[in-house]
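Working notes, beginning with the structure itself.
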Amino acid sequence: MPITKDPGIAAVLSCMCTGLGQIYNGEILKGIVLMCIQVFNVLLMFILIGFITFPVVWIYGICDAHGTAKKINAGAET
């Protein structure tokens, strides 16, 4: 039986912590990289640019986790 991933769970996990959805989908390195980028973005908040970069990376992580889970499921159905 092929492994499927729930896109909703992936998106919620990434919403809670950027990178968790990628780890749930099996993209461990990508998830860790996104987490490290967000730590850097928190530091960038001291010079204000982080208030722009943090939400951009956060939203990217949510959309990417959701889309990847859907692609995994599409590949599992064939």
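Every number in this text was worked out from the coordinates using simple rules, so none of it is lab data. Here the structure is a predicted model, which means the values were calculated and not measured. Glycine also receives a Cβ, built like all others from the backbone with ideal geometry; neighbour counts cover every protein chain displayed.
Using the C-alpha atoms of the chain, what convex hull volume per residue, in cubic angstrom, is computed?
Measuring per residue, one finds 63 Å³ for the Cα hull of the chain.
Around A10, with a cut-off of 15 angstrom between Cβ atoms, what is the net charge of the other residues, counting Lys and Arg +1 and Asp and Glu -1?
+1
How large is the dipole of the chain about the Cα centre if only Lys and Arg carry +1 and Asp and Glu carry -1, each at its Cβ, rounded to the nearest 20 debye?
40 debye
Give the separation of the Cα centroids, the stretch 20-36 to the stretch 46-76, in Å.
10 Å
Report the residue, chosen from I52, I62, I37, that carries the largest GNM mean-square fluctuation when the chain is represented by alpha-carbon nodes joined by springs under 10 Å.
I52
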